[in-house]
1. Suppose the filter is modelled with pLDDT under 95, in the same structural domain as residue A:119 (by TED's automatic domain parsing) and over 15 Å from the mean Cα position of the chain (by Cα); does residue A:143 pass it?
2. Check off (1) in a helix (DSSP H, G or I); (2) without any contact (Cβ under 8 Å) to a residue 40 or more places away in the chain; (3) at the interface with chain A (Cβ under 10 Å from one of its Cβ atoms) for residue B:174 and give me the number that stays unchecked.
3. Output the number of the condition that residue A:38 fails; it satisfies all remaining conditions of (1) surrounded by 17 or more Cβ atoms within 10 Å (Cβ to Cβ); (2) in a loop (DSSP other than H, G, I, E, B).
4. In the range A:144-156, which residue that is over 15 Å from residue A:104 (Cα atoms) and in contact with a strand residue (DSSP E or B) (Cβ under 7 Å, 6 or more places away or on another chain) is surrounded by the most Cβ atoms within 10 Å (Cβ to Cβ)?
5. Looking at the range A:247-273, which of its residues are within 7 Å of chain B (Cβ to nearest Cβ) and more than 31 Å from the chain's Cα centre (by Cα)?
6. How many residues are within 7 Å of another protein chain (Cβ to nearest Cβ), in a helix (DSSP H, G or I) and free of Cβ contacts under 8 Å to residues at least 24 places away in the same chain if we restrict to the range A:195-220?
7. How many residues does the range B:9-39 contain that are touching a helix residue (DSSP H, G or I) at 6+ places or on another chain (Cβ under 9 Å) and farther than 21 Å from residue B:125 by Cα?
């Protein structure tokens, strides 16, 4: 079977970019995989067999590629877009993996000019608390949803080809408007990460921090799993989606305040009602 | 092999009591298992083969038992202790499964008189977000720690026999002083449950509650798993350990306030430091 793409450039080859490469190779989606990342990541990814070659810079990686996947941390995205803008072949498509969509869409619109029509913003809803090329998994996107967030300028054929890429990696593809995406993911991912980091930080600074490590049960382990995620990466995500995340913070603080008040006055009925609201919702999660 | 106990009475046969019975049967720890619970639980447990017989009341269940396991919700414990106090055989031992230890130890001391020497408070660190006899599992305690919280009056031989019971169910046994237990479990279990209920309740009442169910990733699923737990059961636990849980709430609120402030003023360095404190601690969890 002919691969969907001849040359795919992956910019950023950590957990997500590395897994894009691994899945693209395992499923024959790309004939050639080139990677770029600052530091040792690209060399490590090549040594791990995730990519065929490590380019010395983003421009060289993008040159001659028919698909460029931006999989770098959010603060690096704008610079990468500027570096690849002059190298895009006339048929080249660009997609990304960022957890926030408003800022990268704005950066792409500004950097790519007319080629913005061939930029298809994407968010694969997949991840892990690990990071770096060595944590890449060819099955990371299996059965996961990848949301595409096209804009009015987006070329429908480009969108279809990029959808084919993500489907080729094992994901199911759905579509969502940028603002709605960022609001939804503030609620179900960005704020929950911030809340779990906060829970862990409070335990880590409490008097029981050592015993907590020894006696934690499966519940705490699951609850705090995402608290092992990269601090810098998630600081950048919540900052990039700050307004929506602050909205979630305020709603959470209101609920927290009411719950702690009920606990303080020993109001069992109020506590049961609040916990029941939570529990009823959670039991509906498939 | 002779079973360790001839007749074990399990009072309360939900997830924990039912699993005690299932494990005791599967591992040949008890020759006879009798259960009591209000409502249909005991009949259901018998139908599921967890217990040999369902007693009509706690006193009948305790009569002739050489071990009585209190596995009821916290508010029921005091009443059960009063009902079995007059029925204890001279060699009968009593243990329990409550997540808080201060109040049940006080209730047992007051209800059992001299027989309090044969009460060995226990907390098996095992559980699930499910409840009821049908969710019982014979392997629930496999490899888990059961903490014993003896008091000065506790008969060492009684403690040794009860330790043998829990070991017989597959658990590893450790010992901890009551106050320290309740403080530690406020930190690593009771408060985290309250915090996760709060996170879920805020999502459930937010504008994205429906889409959240559809697009939640593995991270949110794990983070919120314990949010599906029984609202009433956990309201009773946090109320029973109220002072320690309120201490945790205040420490959490301080950390939350500082984190939200840092986010609000766009202070990346402060956010990274706070998240890193969390992440460093969490990565040490085995």
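1. yes
2. (1)
3. (1)
4. A:146
5. A:259, A:260, A:263, A:264, A:266, A:268, A:271, A:272
6. Here the count works out to 12.
7. Residues in the range B:9-39 being touching a helix residue (DSSP H, G or I) at 6+ places or on another chain (Cβ under 9 Å) and farther than 21 Å from residue B:125 by Cα: 8 in total.
Residue-wise test of (1) under 23 Å from residue B:65 (Cα atoms); (2) over 15 Å from the mean Cα position of the chain (by Cα); (3) surrounded by fewer than 22 Cβ atoms within 10 Å (Cβ to Cβ); (4) outside the structural domain of residue B:71 (by TED's automatic domain parsing).
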residue	(1), (2), (3), (4)
B:93	yes, yes, no, no
B:107	yes, yes, yes, no
B:129	no, no, yes, no
B:134	no, yes, yes, no
B:139	no, yes, yes, no
B:169	yes, yes, no, no
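The values are calculated or read from the model by the stated rules, or taken from the named source; none is laboratory data. None of these values were measured; they are calculated from a predicted model. So basically every Cβ, Gly included, is an ideal-geometry build from the backbone, and we count neighbours across all protein chains shown.
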